[in-house]
1. For residue 319 and residue 219 in the same chain, what is the full-extension length gain: residue separation times 0.36 nm, less their Cα-Cα distance, in nm?
2. First check a/c for the range 258-335, with a ≥ b ≥ c the square roots of the eigenvalues of its C-alpha gyration tensor; if it is under 1.5, answer rounded, and if not, answer prolate when a/b is larger than b/c or oblate otherwise.
3. What's the percent breakdown of Cα-Cα distances in the chain across 20 Å bins, shortest bin first?
4. For the Cα atoms of the chain, what angle does the longest principal axis make with the long axis of helix 104-117, in degrees from 0 to 90, nearest 10?
5. Based on the Cβ-Cβ distance of residue 330 and residue 267, what FRET efficiency does E = 1/(1 + (r/R0)^6) give at R0 = 35 Å, to the nearest 0.05?
6. Classify the range 2-87 as rounded, prolate or oblate from the Cα gyration tensor: take a ≥ b ≥ c as the square roots of its eigenvalues, call it rounded if a/c is under 1.5, otherwise prolate when a/b beats b/c and oblate if not.
7. Compute the acute angle (0 to 90°) between the alpha-carbon long axis of helix 219-234 and the principal axis of greatest extent of the alpha-carbon atoms of the chain; round to the nearest 10°.
8. Quickly estimate the mean residue ellipticity at 222 nm for the chain, helices only: each DSSP H run with n ≥ 4 gives -39500 (n - 2.57), and the total goes over all residues, rounded to 500.
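Where a number appears in this text, it was derived from the coordinates with a stated rule and is not lab data. Keep in mind the model is a prediction, meaning the values are calculated, not measured. Cβ sites come from the backbone with ideal geometry, for glycine too, and all protein chains shown count toward neighbours.
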C-alpha cells in the first residue's frame, strides 16, 4: 500500500494541465470527498501497527503534494490569462511600427541645406542666447544705432548685454572669427523678436542665413547663387532684386521670385502681382569684415537670409504660422509621407 501511495506522489508531481477543467478533475480525483486520499485514510485502520507511522507520513505527503500542485496550476493559468488579456495572443505576428512624420520646418530646412551643400556650403551653428557684440555691434550696429530699432529684441533682464538672438547672422560673426577665407557657410536656426503673434508672424521663428567670402566675390556671384537656389527649391527661375537697406550689407537688396498668377491662391499670396518676396541679401559691409578680423582690402563677400517658416507656409499651403509650433498631431500627421 505504501508503494502505491508513493507512485501516486510521483504522478502528482509530474501532472500538468492547460485548462481549469483538467485542474478541477485532478483535484476531485485526489482531494474530493470520494477521492483517493479518503480511500487511503479509510485503509489506515487495517494497516499493521508497525507500518502505521510510515503509512500516515506517506498519506500526508501525498495530500500536501496534491494541494501544492493544485495551487501552482491555478496561479499558472491565471498568469497566462492575464498575459493574453493585456497583450493578446503572444504567438501572433507583431503590429507594424508606424512611421513618424517630419515637421514641415525640418522638411524645408533639410531641403535648403541639401541644395546649398551641392555648391560647397557647409552648415554652422551657434548659441541662441547671444551677447551684444555678436548680435549687433560686430554687424555694423553700434550702440544707439537707429537701425537697432528694426529688430525688437528680447533682453535678459539680469544682464543688458545678453539677449535672445534676433538673427543667425551672429553665427556668421562667430564663424568668421574662427575661420579664415575662403568661407562658404549657411547658418540655420531659431531666432526671437518681440513681435505680436498672428497668423503671419510669431515671436520666434526660423532662419537660414548664408555667407560667402573670398577674393574677388561680386554681386554677380550673389545673383547667380540665388538664381540656382530658387530654381532648385521652387522650380521658379525668374527672380528680381530690389534695392533695400541692411546695416551689415552694402549694397543690399530684397529678392523676389515670380510665382505666377495661375490660381486664386497665387493672387492672394502675391497680392495680384505674381511676385513673392523670399529673402534679403547684399554684399558684406567692409566694416563687418574688419570687426571679424578679415582683411576687407583683400577679401569681399555676400550674405543672404530667409525665413524658413514663411517658405514652409508657402510650399505646403499652410494658412497660419501658429500651427507650426502648436504640436497638433492632426496637423503634423499630414506630413507623414513627406521626406
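1. Taking residue 319 through residue 219 to full extension adds about 32.5 nm, to one decimal.
2. Taking the square roots of the gyration eigenvalues as a ≥ b ≥ c, the range 258-335 is oblate.
3. 23, 33, 10, 12, 16, 6, 0
4. So the inclination is approximately 60 degrees.
5. Step by step, r from the Cβ atoms, then E = 0.80.
6. It comes out prolate by the Cα gyration axes.
7. That works out to roughly 40 degrees.
8. Taking each H run of at least 4 residues, the total per residue is -13000 deg cm²/dmol.
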